[in-house]
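The values are calculated or read from the model by the stated rules, or taken from the named source; none is laboratory data. These numbers come from a predicted model, not from an experiment. Here the Cβ is made from the backbone with ideal geometry for all residues, glycine too, and neighbour counts use every protein chain on show. Heavy atoms of the whole protein, side chains included, go into the accessibility calculation; ligands, DNA and RNA do not. Shrake-Rupley method; radii C 1.70, N 1.55, O 1.52, S 1.80 Å.
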Amino acid sequence: MRAVIVDRAEPSGVRIGTVPEPEPAPHQALIRVRATSLNPAECRRVAREETGFRPGWDFAGDVLRPAADGSGPPQGARVFGNISGGSWSELVVHRADWLAPIPEGLGYEQVAVLPIAGLTPLRALERGGFLLGRRVLVTGASGVVGSIAIQLARLSGALVVAIVRRAERAHVAEEAGATAFVGDDCRVAAERGPFDLILDGQSGAYLSTALDLLAKDGICVFFGTSASNEIHWDPRNFYLKGGGTLYGLALGHELTKRGPRDDLVRLADLVRAGRLAVRVDATTSWRVVSDLVRRQLARETIGKIVMQVD
Ligand SMILES: NC(=O)c1ccc[n+]([C@@H]2O[C@H](COP(=O)([O-])OP(=O)(O)OC[C@H]3O[C@@H](n4cnc5c(N)ncnc54)[C@H](OP(=O)(O)O)[C@@H]3O)[C@@H](O)[C@H]2O)c1
């Protein structure tokens, strides 16, 4: 079968090649992938992995062969989900009980953007508990994860403040429902704090200043380092003001505690009902994967890039 492979001999570092077909275990279904999407972090891996690495997390497609143990959807069912690598392929195998059905009325392309970019903020927001009337701060709010986080927090009844680094992208956070501030760290939003829940995928100065804005007994859920891998932080405020929690979220680990199926269904239903909008800037054939990875790494796009596996 054909699949996207990292190839360090290629100028772009990536190409479509031929690899062995995956063999499903008894609890796994075999899926013909119709669409997949790019996530910034997997494109960064494409840039640094060795030849032979197979990128790709999200997928949407059709069940070719149901799980042999009888679990999960039948042959021909339209499904979507995420695997830990290699979804930029014609075929994937996945545990059948984690596959979510694609709701009537939605296409493969519309749900292929949801797994990683939707489950991450959904599970992060969950750490904040009941959010009605709570103050929530979202950093990196011009990204897809940030934009979905804002919308889900607003749907939960929270008051949402967002930080973006570029003024020209503040509209992304505002359209999602937040009051947006532009800055290199979170101090610009101090007047709107303290915050009961902070979601940070930026790290660096964003995270260190966000922790100073945490309400007593608040929680900061940290899940990415888009801005920096380092943080300089004076920890005294963190306990002197009365305590708080810093929670490091890894989606893969969260999914081992509770599978993704029901949350994927929730996200897709919100999209179908017009209550959640995921911006898509490009939907195109995977044959131009080199250029798509380049565009993602350069952050030329604001929304998702969807690849059709044709
Ligand atoms: N822990 C997990 O399991 C998990 C799962 C999914 C995602 N993540 C992480 O979540 C974060 C957000 O995801 P995303 O898909 O929205 O990714 P993203 O595109 O890397 O992040 C978007 C945000 O980061 C900002 N940004 C990018 N580079 C920056 C830099 N050098 N300095 C300051 N700001 C920068 C962008 O601003 P501009 O729009 O101005 O470029 C945008 O607001 C990422 O770090 C990703 O790796 C973690």
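Figures for the structure shown
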{"item": "Rel. contact order, % - alpha carbon contacts under 8 angstrom, at least six apart, the chain", "result": "18"}
{"item": "Separation between Cα centres of segment 80-121 and segment 208-237, rounded to whole Å", "result": "31"}
{"item": "Theoretical ellipticity at 222 nm over the chain - DSSP helices of four or more residues, -39500 (n - 2.57) apiece, nearest 500", "result": "-7500 deg cm²/dmol"}
{"item": "Virtual spin-label span in nm between Asp234 and Asp69, 7 Å along Cα→Cβ", "result": "5.5"}
{"item": "Relative packing of peptides 4-17, 237-250 - highest average C-beta neighbours within 10 Å first", "result": "4-17, 237-250"}
{"item": "Charge tally in the Cβ shell below 15 Å around Asn237, where Lys, Arg are +1 and Asp, Glu are -1, Asn237 excluded", "result": "0"}
{"item": "Net +/- balance of residues flanking Gly129 in space, Cβ distance below 12 Å, scoring K and R +1, D and E -1", "result": "-1"}
{"item": "Neighbourhood charge, 15 Å Cβ-Cβ cut-off, centred on Arg299 and excluding it, Lys, Arg +1 and Asp, Glu -1", "result": "+3"}
{"item": "Relative packing of peptides 136-149, 80-93, 49-62, 272-285 - highest average C-beta neighbours within 10 Å first", "result": "136-149, 80-93, 49-62, 272-285"}
{"item": "Share, in percent, of DSSP beta bridges within the chain that are antiparallel, nearest 5", "result": "50"}
{"item": "Cross-link reach list, aspartates and glutamates versus Lys241, counting only Cα pairs under 14 Å and skipping chain neighbours closer than eight places", "result": "Asp196, Asp212, Asp217"}
{"item": "Relative contact order of segment 128-248, defined on C-alpha pairs under 8 angstrom at six or more residues apart (%)", "result": "22"}
{"item": "Carbon and sulfur %, accessible surface of segment 128-248 computed with the full protein complex present, 1.4 Å", "result": "49"}
{"item": "Per residue value of the accessible surface for segment 23-138 (all protein chains in place, 1.4 Å probe), Å²", "result": "39"}
{"item": "Sequence-distant residues sharing a close amide H with Leu30 (under 5 Å, placed H)", "result": "Leu64, Arg65"}
